[in-house]
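To start, the structure itself, in structure tokens.
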Amino acid sequence: MEASFCLEALNQALEQGQPEIINSDQGRQFTGNGWISALKNRKIKVSMTGKGRCIDNVYIERFWRSIKHEKIKLFEFDDIHELEDLIAEYIHHYNHERPHQALGDFVPAEVFSGAKIIS
């Protein structure tokens, strides 16, 4: 993943709201000046998992496993735009339609908005 792609994704995500902290792995795109400066300029705390410790970021690791096995590995794509569209559709599905056991079988959007409270 290129740093520019990550910064673009960050900017799009921040249009939805600004978190207090963003956690990432220690990939070069997240340890470089561009990423760190973008977070610090917005007063977002920088958090990174331990080197080689995917368990530290278990929720996003699970997301990538799910998208790979539920969508990406099931299709062949004619071009990158088809893949981008599929990923965008899946992210919407994952956040707005797909119940998550770890969230008490609510969808993330319900929990994030405060409409549902995990007990």
In region 17-43, anything under 16 Å from the mean Cα position of the chain (by Cα) and within 18 Å of residue 3 (Cα to Cα) is listed as 22, 23, 24, 25, 26, 27, 29, 30, 35, 39
Given (1) surrounded by 10 or more Cβ atoms within 10 Å (Cβ to Cβ); (2) acidic (Asp, Glu); (3) in contact with a helix residue (DSSP H, G or I) (Cβ under 8 Å, 6 or more places away or on another chain), index of the condition residue 82 fails: (3)
Inspect all residues belonging to region 30-47 and state whether any of them is assigned to a loop (DSSP other than H, G, I, E, B), among the polar types (S, T, N, Q) and not assigned by TED's automatic domain parsing to the domain that holds residue 108. no
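If the requirement is being among the polar types (S, T, N, Q) and loosely packed, with under 15 Cβ neighbours inside 10 Å, which of these qualifies: 23, 33?
It is 33.
The values are calculated or read from the model by the stated rules, or taken from the named source; none is laboratory data. Predicted model, so just to flag it, every value in this text is computed and none were measured. Glycine also receives a Cβ, built like all others from the backbone with ideal geometry; neighbour counts cover every protein chain displayed.
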